[in-house]
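What follows is a short report on a single structure.
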Amino acid sequence: MSMEILTRQQIRTQETQARLLEAAEEVFVRDGFQGAQLDGIAAMAGRSKGAVYTHFKNKEDLFLALFEHRTRSYVARLADSVRQCTNQRQRFAAFREFYVGFVRDKAFSILTLEFKLYALRHPESRDRLRRAFETSRATTDDGLFEQMFREYAQVTATDNDLARAALGPIISGLVLESNFEPDVLSEEGLRRILGRIFDALFPPPN
């Protein structure tokens with residue numbers, strides 16, 4: 001019986017955390033870190049403000065937990081996609097589609113920009129911010145992708161590092177700009193330009 005109660009508690013805990021993270025994303029993307037209020041996040045999640053403090057120390061803890069959660073989800077999704085490939089060409093194509101597909105998730109691009117601004121303005125949180133940022137780079141720093149790019153794309157190791165470092169900022173900048181030029185930078189337009197940028201950064205062998 002005690003194990004059954006514990007399991008139910010764990011389920012309720014996971015549900016509450018999921019609701020809080022979902023609500024936090026909407027509020028942080030809409031209002032930014034400074035403008036976001038825990039009362040509003042709790043209300044949107046259908047939970048009390050006390051529930052927020054049960055799961056997160058403060059607003060910063062919730063903000064960083066959200067960024068880490070979203071990043072881990074993307075890393076897992078990419079890894080699953082690559083594992084289904086049977087050769088390097090397929091893995092390379094899967095990563096290209098993963099990259100171009102970011103245009104469908106404008107919230108994450110805005111959240112990433114907000115995270116970087118927060119990191120610049122709060123050096124006292126440097127250690128956790130660095131760990132979160134390192135997690136965000138795992139999509140391209142994993143040994144599998146390092147090997148894939150080195151052997152498949154026609155770039156040197158140094159150029160490879162530079163190209164991988166440029167991927168995220170390019171997406172974030174274009175997605176942000178699309179809010180001001182939606183006709184030109186539509187989802188279709190963004191996919192086209194990001195595909196061309198990816199191909200220029202990582203030219204496949206002839």
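Solvent-accessible surface (1.4 Å probe) assigned to residue 193 amounts to roughly 60 Å². Of the trypsin sites (Lys or Arg not before Pro) found in segment 14-112, those that fall in a DSSP loop while having at most 11 other beta-carbon atoms within 10 Å are 57. With the whole protein complex present, residue 28 retains an accessible surface near 0 Å², based on a 1.4 Å probe.
Shape call for segment 1-109 from the C-alpha gyration tensor, a ≥ b ≥ c root eigenvalues: rounded (a/c under 1.5), prolate (a/b greater than b/c) or oblate? Oblate, because a/c is 1.5 or more while a/b does not exceed b/c. Its Cα centre serving as origin, segment 165-206 has a Cβ charge dipole (Lys and Arg +1, Asp and Glu -1) of approximately 200 debye. Remark: spin-label model distance residue 10-residue 97 equals 3.4 nm, labels positioned 7 Å along the Cα→Cβ axis.
The values are calculated or read from the model by the stated rules, or taken from the named source; none is laboratory data. Just so it is clear, the model here is predicted, and its values are computed rather than measured. When we count neighbours, we look across all protein chains shown, and the Cβ atoms used for this are built from the backbone with ideal geometry, even at glycine. Just so you know, the surface numbers come from the protein's heavy atoms only, side chains and all, with ligands and any DNA or RNA stripped out. Shrake-Rupley method; radii C 1.70, N 1.55, O 1.52, S 1.80 Å.
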